[in-house]
Amino acid sequence: SNCISSISQGSYCTAIGNQGASHAMAFDQTLRETPLGCRIIALLSTSFYLLFILDQSMFNQLNMVCVVSDVFEGWNVLKTIMAWRWQRLLLASFVHTSLLELGFALFLCWRRFTWIENQIGTLGFVLWAVWASVVLHMIFCFAVAFVVAPIVDNSLLDARIHGLYPLLVSNLVLSSKDSAHEPVWLWPFPLHIPMHAFPWVVIALSWVLHSNAHLDVVSAYLAAKYCPAWLLEPNMDMLDKFERTWCGMFLLNQLQRFDSFVCRQPLGNLSSESSKASYAEPLPTVQLPPAPAYGGQLEASSTEPLPTVQLPPASAHGGQPEAASHAVPRDPEDPPL
């Protein structure tokens, strides 16, 4: 019995080891398939969280947290620029102060952002992430400072941006316009909801993780709902023009050094609505003129049939059959036979 129990324990440990090895291989394969832009976002988010845990004083000195009252320097744009506070509008997308919040954000963003980067390439994805982050956070700061806080309460000026959730919610709202009624599986629960309701699920979960009903994700939802053109991915015309600039060539050369760099797809393979260029229309047809006729005599001679000469049948000699009569074309200028 002891031998049987030891054998069963050994087989169980072997099965657990094989399962762990398979999970490790799957995770390694997932990391290998992750494109460069998504790796940069995950690296920045993880680094900022570790800095927040290990050294909060340095974390505060870097001015990465986007608070409405701290973005503006006495409501003076010039003083704000001189104080170097506008970088918070960008860096706030990567700031997370909770491990559970960070893990959930990266889990949701990985698949969605990977699909976007595979569509528009690494350079287009980086430009979209920078532009959308700045626009979303600026809309939120101005809306709270000039609309919500004066009406509701001035304490809302201390509202903060909460990581990747505004960027994720805005992109989900934009994508739900084409597939609003497609079902979404709320893994690991056996529940399916329409695509247009999924952003609200993300908003509710972000509130639960933060233990606070923050307004930055609601602002991102409304901005994507009513101002979608401000948050769309760059189309091919924009990318072509940017790549011709000095900054675009430098950034493209630096990104292409990595093996995980993703080239943008050809125009015909793009499925994103924002990537459809206006010049993708059928080309106009060109009517070619008829070929001119050279030489009237040549045309006339080619239309008139040549005269034919009927040869009489040859007489049969030595039992040979008679030759059949046939017509031979003859030039009218030749002498008569």
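Please turn the phi angles of the range 139-155 into ³J(HN,Hα) values with the Karplus equation 6.51 cos²θ - 1.76 cosθ + 1.60 (θ = phi - 60°), one per residue in order, whole Hz, x for glycine and proline.
Here the 3J(HN,Hα) series is 4, 5, 5, 5, 5, 5, 6, 10, 10, 6, 4, x, 8, 8, 6, 6, 5 Hz.
Sorting Val208, Val134 by accessible area (1.4 Å probe), largest first, what list results? Don't skip to the answer; put the middle values down first.
Numbers: Val208 105, Val134 45 Å².
My answer, sorted largest first, is Val208, Val134.
On alpha-carbon atoms, Rg over Rh for the range 175-222 using Kirkwood Rh?
Values: Rg = 11.8 Å, Rh = 11.7 Å.
The Rg/Rh ratio comes out at 1.02.
For Trp207 and Met249, what is the calculated FRET efficiency with R₀ set at 41 Å and r taken between the beta-carbons, to the nearest 0.05? Can you show the working numbers first?
Working: r = 43 Å, r/R0 = 1.05.
For Trp207 and Met249, the calculated efficiency is 0.45.
For the range 106-146, what are Rg and Dmax over the alpha carbons, in angstrom?
Both quantities, over Cα of the range 106-146: 12.9, 39 Å.
Could you sort the peptides 193-201, 155-163 by per-residue average Cβ neighbour count (10 Å cutoff), highest mean leading? All intermediate terms of the calculation are to be shown ahead of the outcome.
Working: 193-201: 16.0, 155-163: 20.1.
Most protected by this proxy first, the peptides run 155-163, 193-201.
With θ set to phi - 60°, apply the Karplus curve 6.51 cos²θ - 1.76 cosθ + 1.60 along the range 157-170 and write out the HN-Hα couplings as whole Hz, x wherever there is a Gly or Pro.
5, 8, 5, 10, 8, 10, x, 7, 5, x, 5, 5, 5, 4
Multiply the residue separation of Lys225 and Leu186 by 0.36 nm, subtract the distance between their alpha-carbon atoms, and state the gained length in nm to one decimal.
Taking Lys225 through Leu186 to full extension adds about 11.8 nm, to one decimal.
Could you give me the ³J(HN,Hα) list for the range 225-235, computed from phi with Karplus coefficients 6.51, -1.76, 1.60 and θ = phi - 60°, whole Hz, x at Gly and Pro?
6, 10, 10, x, 5, 6, 10, 6, 5, x, 8
Order of 91-101, 225-235, 113-123, 248-258 by packing, highest average Cβ count within 10 Å first?
Working: 91-101: 19.9, 225-235: 15.7, 113-123: 21.9, 248-258: 12.9.
Answer by packing, highest mean first, reads 113-123, 91-101, 225-235, 248-258.
Would you please give the FRET efficiency between Ser155 and Gln265, computed as 1/(1 + (r/R0)^6) with r the Cβ-Cβ distance and R0 = 35 Å, to the nearest 0.05? Mind dumping the intermediate values first?
On the way: r = 47 Å, r/R0 = 1.35.
The formula returns an efficiency of 0.15 here.
The values are calculated or read from the model by the stated rules, or taken from the named source; none is laboratory data. None of the values given here were measured: they were computed from a predicted structure. Using ideal geometry, Cβ is built from the backbone for each residue, glycine included, and neighbour counts are taken over all protein chains shown. Ligands, DNA and RNA are stripped out before the accessible areas are found, and what is left, the full protein with its side chains, is counted by its heavy atoms. Shrake-Rupley method; radii C 1.70, N 1.55, O 1.52, S 1.80 Å.
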